[in-house]
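Student: Input: one structure, supplied below.
The values are calculated or read from the model by the stated rules, or taken from the named source; none is laboratory data. Quick caveat: nothing in here was measured; it's all calculated off a predicted structure. No Cβ is skipped: glycine too gets one built from the backbone with ideal geometry, and neighbour counts run over all protein chains shown. Quick note on the areas: whole protein, heavy atoms, side chains included, nothing else; ligands and nucleic acids left out. Shrake-Rupley method; radii C 1.70, N 1.55, O 1.52, S 1.80 Å.
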Amino acid sequence: MLIQNASWITMDGAASTAVPVFRRTFSCGKPIRTAILEVTCDGVYEAQMNGRRIGNFILAPGWTEYRKRLQVQAYDVKDLLKEENTLEITVANGWYRRTNAPWTGTKNPDEFLPAMLIAALHLTMEDGAEETILTDGGWEVSESTVTLSGIFIGEDADMTRKPAFVPAVVRDYPKDMLIPQEGPEVHEQETVWPRASFRTPRGEWVIDFGQNLTGYMAFELDARAGERLSISTAEVLDKDGNFYTANYRSARSQLHYICREGHQSYKPRFTFFGFRYLRIDEAPEGFTAEQIRAVVLHSEMRRTGWLESSDPMLNQLFSNIIWSQKGNYLDIPTDCPQRDERYGWTGDGQIFCRAGTLQYDVRQFFRKWLADVRAAQHENGWVPEVVPSLTAYKPGGGAWSDAVTIIPWQLYETYGDISFLADMYDAMEKWIAYIPTVSTTKDLWTGCWTYGDWLALDWPEGYVPATIELSKRGYSSDDLICSAFYANSVNIVIRAGRLLGKDVSEYEALHSRIVSAYKERFGGCLNTQTEKVLTLHFNLTDEPQVLADALAEQIRNCGMKLQTGLVGTPYLLHELSRYGHTDTAWSLLLRKEYPGWLYPVSRGATTMWEHWDGIKPDGTFWDDDMNSYNHYAYGSVADWVFGVAGGIQPAEAGYARARIAPHPDPRLNSLCAVLDTVHGRIRSFWKYTDSGIRYEIDTPVRTEVVLNGKIRTVEKGKYLF
Ligand code: BGC
């Protein structure tokens with residue numbers, strides 16, 4: 001990359017919060033054949049040639065493990081060139097700097113770096129002559145119209161400001177982490193228009209978009225110079241119908257815009273928000289809701305999975321899951337897109353990834369993120385709880401750090417691409433080699449930090465956890481959770497190793513030792529739903545049917561309620577239906593009361609909530625502190641709907657051969673699951689009719705169809721049963 005010849009440049013002594021804009025003017029004396037701009041920065045940038053935006057990558061260069069990997073974008077800018085040209089590149093904080101929320105108690109080492117730019121423009125003329133313009137002391141820099149910017153803050157812009165350019169200064173900063181762009185770009189994806197505009201009881205002017213989403217607002221207006229438009233964002237209204245922002249915690253999440261004279265349009269350029277509602281705190285006279293719209297952002301990815309049923313509430317749930325995937329696949333897989341977090345929590349990433357791989361083609365998205373997992377992995381093997389790791393750089397514990405094995409395996413299963421396993425095999429081996437170095441018990445993983453079955457609801461009646469922190473964790477044994485995930489990760493290494501032609505005999509021996517030690521230690525004390533679910537899911541019992549029956553009974557005995565948290569919930573319905581309790585699985589899915597998937601739907605949810613009772617039946621909130629309304633973890637249930645309710649399973653990795661075994665339930669009249677696999681479209685539809693159940697199955701590959709226990713093998717084609 002030519003950019004290696006360029007220098008990092010910055011603004012000397014910049015003291016204000018204003019975002020700098022770097023500038024270089026140049027002439028093209030001769031006709032140009034090609035013009036390629038390579039660029040990146042320690043933040044997020046927007047580049048313009050002669051006043052026109054270069055490319056449509058929003059928040060470039062994206063978020064990676066910056067100290068080791070910083071993506072460089074290459075743009076074809078030929079069509080933007082004239083004889084006299086001005087190249088301007090504005091560099092804001094983005095994720096690189098000042099992304100550490102106060103709650104993390106940690107300082108990002110790059111926290112106080114100045115904004116820096118590095119770029120190379122390579123011109124080839126029609127006559128073969130070449131010219132390269134590199135960032136160097138010949139560039140100029142000025143404060144831009146963006147006076148404050150941050151991922152959590154939002155943006156302040158003052159359009160009355162005039163630039164005052166001074167020479168940029170060269171700064172010594174590493175270049176060895178520069179890599180070509182790997183991930184899919186983040187683009188503007190769709191526009192959502194206001195559904196309603198009203199005054200709240202408190203008198204606030206609020207605009208409702210009818211959909212919780214991730215992106216920003218965009219508006220157009222006529223104004224006098226100096227007039228202001230100030231906008232706050234919110235996901236929900238409180239029980240009285242007032243604007244509610246406390247769940248954003250320290251994320252200010254606002255736009256403050258000072259108008260220039262005349263007609264103008266604007267949208268924030270260096271941040272994003274998670275919101276359904278906007279509050280117009282101040283606006284030029286005459287401003288109306290029709291002048292504002294919401295722009296949805298996410299990484300470029302192709303939709304591959306669709307679910308539709310005869311039940312409108314279930315359909316709303318399916319829509320909520322899609323919207324939470326869109327809102328949280330913004331360059332990296334995040335926990336939530338709104339509060340002072342938006343981090344690449346490894347646990348949430350692995351929990352949702354099966355559903356995620358079915359609904360969208362996320363191969364490129366995860367190929368990049370897994371490279372960051374490798375880069376972030378500590379040399380002794382531990383995997384951080386968040387990747388990119390710039391914030392809470394500590395190990396993630398069971399079910400979180402195991403993303404290093406679970407996600408590549410899932411990508412292999414969904415897409416049949418062994419390269420995910422080849423790329424990650426060393427990292428997986430390092431991870432399972434690390435566990436014994438910290439565990440207090442041989443062949444188990446005990447005595448270590450973990451988030452437990454985060455947010456589980458299984459504290460015994462009357463038991464009050466000692467601390468708030470503890471109250472967020474379930475009652476399942478940490479040691480059991482970690483040991484179960486240890487067994488699973490070793491098992492994945494074995495299967496991956498076999499596919500890659502490695503000698504895995506040592507791992508096979510290790511796995512059987514773990515399984516025996518697990519049975520001995522935990523077999524007699526499988527109390528919580530999650531303890532049973534994990535034991536079943538990772539095949540850690542000799543009597544799975546007995547255990548599954550006990551699980552179903554436990555669920556019935558507590559009033560057909562699930563009590564599982566982030567760790568147990570994704571596997572709960574799978575284990576019930578795997579052992580003949582599909583009716584119980586359906587009961588949990590169709591439950592409209594708290595806790596359950598349709599309860600938030602009954603409260604008007606348009607995305608997945610972090611807590612089943614984010615809004616309680618009386619309209620009050622679970623809590624201000626940790627209450628996201630766009631958290632996809634429980635949306636993992638989509639993989640049960642595709643794989644069990646609709647019954648679409650890979651019989652071979654990548655659905656090279658399929659197995660279709662639908663599990664209809666009379667409480668639903670019909671269900672349709674469509675999956676665009678790498679081998680073509682699979683469709684499974686069932687419907688209750690007067691004469692029985694009608695099944696329609698389309699498959700592009702040889703498929704084993706299992707209906708009412710009867711197995712038939714069919715070739716590619718459309719079938720009706
Ligand atoms: C996140 C979770 C995450 C957790 C760790 C939370 O603040 O939002 O989803 O996995 O921390 O327990």
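Student: Only helical DSSP H runs with n ≥ 4 go in: add -39500 (n - 2.57) per run for the chain, normalise by residue count and round the 222 nm mean residue ellipticity to 500 deg cm²/dmol.
Tutor: After summing the helix terms and dividing by the residues of the chain, the value is -7500 deg cm²/dmol.
Student: Tell me, what is the percent relative contact order of the range 509-648, built from C-alpha pairs under 8 Å that lie six or more residues apart?
Tutor: 17
Student: Could you state the angle between the C-alpha long axis of helix 346-359 and the longest principal axis of the C-alpha atoms of the chain, as a value from 0 to 90 degrees rounded to the nearest 10?
Tutor: Approximately 80 degrees, to the nearest 10.
Student: May I ask for the distance between the Cα centers of the range 457-519 and the range 282-359, given as a whole number of Å?
Tutor: About 30 Å separates the Cα centre of the range 457-519 from the one of the range 282-359.
Student: Sticking with this structure for a sec: Nearest 10 degrees is fine. How inclined is helix 403-415 to the longest principal axis of the chain, computing both from alpha carbons?
Tutor: Between the helix axis and the principal axis of the chain, the angle is about 80 degrees.
Student: Could you give each residue of the range 565-570 its phi-based ³J(HN,Hα) in whole Hz, using Karplus coefficients 6.51, -1.76, 1.60 with θ = phi - 60°, and x for Gly or Pro?
Tutor: Working through the residues one at a time gives x, 4, 7, x, 4, x Hz.
Student: Let me ask something else. With a 10 Å radius around each residue's Cβ, average the other Cβ atoms per peptide and rank 469-477, 144-152, highest first.
Tutor: Put in order of decreasing packing, that is 144-152, 469-477.
Student: Just check the range 37-180 against the gyration tensor rule for me: Cα atoms, a ≥ b ≥ c as the square roots of the eigenvalues, rounded for a/c under 1.5, and otherwise prolate or oblate depending on whether a/b exceeds b/c.
Tutor: prolate
Student: Near the amide H of ASP340, under 5 Å away, which other amide H atoms are found, from residues 5 or more places off or on another chain, if H is placed in the peptide plane?
Tutor: Excluding prolines and chain starts, which carry no amide H, the hits are SER250, ALA251.
Student: In degrees between 0 and 90, to the nearest 10, how far off the longest principal axis of the chain does helix 419-438 point, with axes built from Cα atoms?
Tutor: 70
Student: Which net charge results when you count Lys and Arg as +1 and Asp and Glu as -1 among the other residues whose beta-carbon is under 11 Å from that of ASN488?
Tutor: Overall, the nearby charge balance is 0.
Student: Tell me the net charge near ALA218. Cut-off is 15 Å between Cβ atoms, ALA218 excluded, with +1 for each Lys or Arg and -1 for each Asp or Glu.
Tutor: Counting the neighbours of ALA218, the net charge comes to -2.
Student: Express as a percent, rounded to the nearest 5, the fraction of DSSP beta bridges in the chain (both residues included) that run antiparallel.
Tutor: Expressed as a percentage, antiparallel bridges in the chain total about 90.
Student: Here's another thing I want to ask about it. Can you give the accessible area of TYR632, probe radius 1.4 Å, in Å² rounded to 10?
Tutor: Per-residue accessible area (TYR632): approximately 0 Å².
Student: Averaging sequence separations of C-alpha pairs under 8 Å and six or more residues apart, then dividing by the length of the chain, give the relative contact order as a whole percent.
Tutor: In percent, rounded to a whole number, it is 11.
Student: In addition: Could you tell me which of rounded, prolate or oblate describes the range 8-86, using a ≥ b ≥ c as the square roots of the eigenvalues of the alpha-carbon gyration tensor, with rounded for a/c under 1.5 and, failing that, prolate when a/b is larger than b/c and oblate otherwise?
Tutor: oblate
Student: Per residue, how much accessible area does the chain show when a 1.4 Å probe rolls over the protein heavy atoms, in square angstrom?
Tutor: 37
Student: While we're here: Would you work out the relative contact order for the range 593-721, in percent, from Cα pairs under 8 angstrom that are 6 or more residues apart?
Tutor: So the answer I get is 15 percent.
Student: Peptides 251-259, 659-667: what's the order by average Cβ count within 10 Å, highest mean first?
Tutor: 251-259, 659-667
Student: Would you please put 480-489, 523-532 in order of how densely packed they are, using the mean number of other Cβ atoms within 10 angstrom per residue and starting with the highest?
Tutor: Per-residue mean Cβ counts within 10 Å order the peptides as 480-489, 523-532.
Student: Moving on. Viscosity 1.002 mPa s, temperature 20 °C: give me the Stokes-Einstein translational D for the range 279-400 in µm²/s, with Rh taken as the Kirkwood radius over C-alpha pairs.
Tutor: Diffusion coefficient, whole number: 129 µm²/s.
Student: For a bin width of 10 Å, list the pair-distance distribution of the range 106-251 built from all Cα-Cα distances, rounded to whole %.
Tutor: Calculated over all Cα pairs of the range 106-251, the distribution is 7, 22, 30, 23, 13, 5, 1, 0 percent.
Student: What list of ³J(HN,Hα) values in whole Hz, one per residue of the range 80-95 in order, does the Karplus curve 6.51 cos²θ - 1.76 cosθ + 1.60 (θ = phi - 60°) give from phi, with Gly and Pro shown as x?
Tutor: Here the 3J(HN,Hα) series is 8, 7, 10, 6, 10, 10, 10, 9, 10, 10, 9, 10, 10, 4, x, 8 Hz.
Student: Identify all lysines with a Cα-Cα distance to LYS267 below 29 Å; exclude those on the same chain that are fewer than 8 residues away in sequence.
Tutor: In chain and number order, the partners are LYS78, LYS82, LYS162, LYS326, LYS368.
Student: So, with a 1.4 angstrom probe, what is the percent of accessible area on the range 590-702 that is carbon and sulfur?
Tutor: 46
Student: Using the eigenvalues of the Cα gyration tensor, what equivalent ellipsoid semi-axes result for the chain when each is taken as the square root of five times the eigenvalue, whole Å, largest first?
Tutor: Working from the Cα gyration tensor, I get semi-axes of 45, 30, 26 Å.
Student: Hey, what do the phi angles of the range 678-687 turn into as Karplus ³J(HN,Hα) couplings, whole Hz, using 6.51/-1.76/1.60 and θ = phi - 60°, x for Gly and Pro?
Tutor: So the Karplus estimates, Gly and Pro as x, are 5, 9, x, 8, 10, 10, 10, 10, 9, 8 Hz.
Student: Tell me which residues come under 5 Å, amide H to amide H, from LEU178 once H is placed; ignore anything under 5 positions away on its chain.
Tutor: Long-range HN contacts for LEU178: LEU70.
Student: Here is a follow-up. Once you have the alpha carbon radius of gyration of the range 580-675, what is it after dividing by 2.2 N^0.38 Å, with N set to its residue count?
Tutor: Output field value: 1.27.
Student: Continuing with this model, one more query. Let me know the shape class of the range 214-330, please: from the alpha-carbon gyration tensor, a ≥ b ≥ c as square roots of the eigenvalues, rounded when a/c is under 1.5, otherwise prolate if a/b is greater than b/c, or oblate.
Tutor: Verdict is prolate for the range 214-330.
Student: Excluding residues on the same chain fewer than 8 positions from LYS718, give the lysines whose Cα lies under 25 Å from its Cα.
Tutor: Within the straight-line cut-off, LYS718 pairs with LYS687, LYS710.
Student: Set the Förster distance to 56 Å, then compute FRET efficiency between THR288 and THR440 from the Cβ-Cβ distance, nearest 0.05.
Tutor: Approximately 0.30, to the nearest 0.05.
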